[in-house]
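> Take this structure, written in structure tokens, and hold onto it; I'll ask about it next.
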């Protein structure tokens, strides 16, 4: 099943009241559950949408870095300076490895995050069908109740009395079916909400582990790319250089660049 961000949520059939059949507290309880389920369904869709955006962003950043290193590798400046050429080659090697890591990240999150959320989101179709069934029973009960009221207002002829008794029996049966359906929904949907934590826990754990693997690998690759040097060399990779010192160094260099006079010859 392909996830469609334009598809509307399944849950739309709000449980209607059925006075004289259901207690107000029971009606209120199911209404609260319905709104909670709507929030869960919406959150599930948002998580899928945000994960898709995140994976697309990771892939886009990786492709951009590969393009940067490819452009640098083809520049004449790199061919004139052996040290710079070696640095660019190492950088390009890192971006190639990052591309593989990004693919692994996407693959893992598709299996352990997107697919479980799609499956979970699909269950709301069945939940909506259950609410529609309850609404159908509720409507049938209201129609029968209306018939009974009309018959009670008519003249009590033998024919009308027979019809009234028949409709009352039907009304009683419809009321019991509605009450049974309502009780079933209260029980099952309460458990459904309570179990969502158990369902999502392994998914979130897999997400955290994939993030740890990806960003841990990224940090190791770039750490090995530029080894730490002494603070005297002014390297930003040195552990002895604070963030403020590094920022001051960058601002100083930018100031020198701005002060340059570009003269066309």
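> Exactly one condition in (1) under 27 Å from the mean Cα position of the chain (by Cα); (2) assigned to a loop (DSSP other than H, G, I, E, B) is not met by residue 22; state its number.
Single failed check for residue 22: (1).
> With respect to the numbered conditions (1) surrounded by 14 or more Cβ atoms within 10 Å (Cβ to Cβ); (2) closer than 30 Å to residue 46 by Cα, which one is the sole condition not fulfilled by residue 175?
Here residue 175 meets the rest and fails (2).
> If residue 155 satisfies every condition in (1) touching a residue at least 40 places away in the same chain (Cβ under 8 Å); (2) outside any helix (DSSP H, G or I) but one, which is the exception?
Evaluating residue 155 over (1) touching a residue at least 40 places away in the same chain (Cβ under 8 Å); (2) outside any helix (DSSP H, G or I) leaves (1) as the failure.
> Considering (1) under 26 Å from residue 209 (Cβ atoms); (2) free of Cβ contacts under 8 Å to residues at least 12 places away in the same chain, say which one residue 113 fails and leave the rest.
Going through the list (1) under 26 Å from residue 209 (Cβ atoms); (2) free of Cβ contacts under 8 Å to residues at least 12 places away in the same chain, residue 113 breaks only (2).
> Against the definition (touching a helix residue (DSSP H, G or I) at 6+ places or on another chain (Cβ under 8 Å) and over 29 Å from residue 96 (Cα atoms)), how does residue 58 come out, yes or no?
For residue 58, the condition - touching a helix residue (DSSP H, G or I) at 6+ places or on another chain (Cβ under 8 Å) and over 29 Å from residue 96 (Cα atoms) - is not met.
> A further question follows. What are the residues in the stretch 187-207 that are exposed (fewer than 10 other Cβ atoms within 10 Å of the Cβ) and within 15 Å of the chain's Cα centre (by Cα), if any?
Residue satisfying the conditions is 197 alone.
> While we're looking at this one, here's another question. Being under 27 Å from residue 199 (Cα atoms) and either out of contact with any helix residue (DSSP H, G or I) (no Cβ under 9 Å at 6 or more places or on another chain) or not in a helix (DSSP H, G or I) (or both) is the requirement here; does residue 106 meet it?
No, not satisfied.
> Yes or no: residue 73 within 28 Å of residue 207 (Cβ to Cβ) and out of contact with any strand residue (DSSP E or B) (no Cβ under 6 Å at 6 or more places or on another chain)?
Taking the combined requirement at face value, the residue does not satisfy it.
> Return a yes/no flag: does the stretch 124-132 have any residue that is surrounded by 16 or more Cβ atoms within 10 Å (Cβ to Cβ) and over 22 Å from residue 33 (Cα atoms).
no
> Residue 167: assigned to a helix (DSSP H, G or I), surrounded by 13 or more Cβ atoms within 10 Å (Cβ to Cβ) and without any contact (Cβ under 8 Å) to a residue 40 or more places away in the chain, yes or no?
Yes, satisfied.
> Given the criterion part of a helix (DSSP H, G or I) and under 25 Å from residue 129 (Cβ atoms), identify the matching residue among 208, 193.
193
Here, each number is a calculation from the coordinates, and none is a lab measurement. What you are looking at is a predicted structure, and each value in this text was computed from that prediction instead of being measured. When we count neighbours, we look across all protein chains shown, and the Cβ atoms used for this are built from the backbone with ideal geometry, even at glycine.
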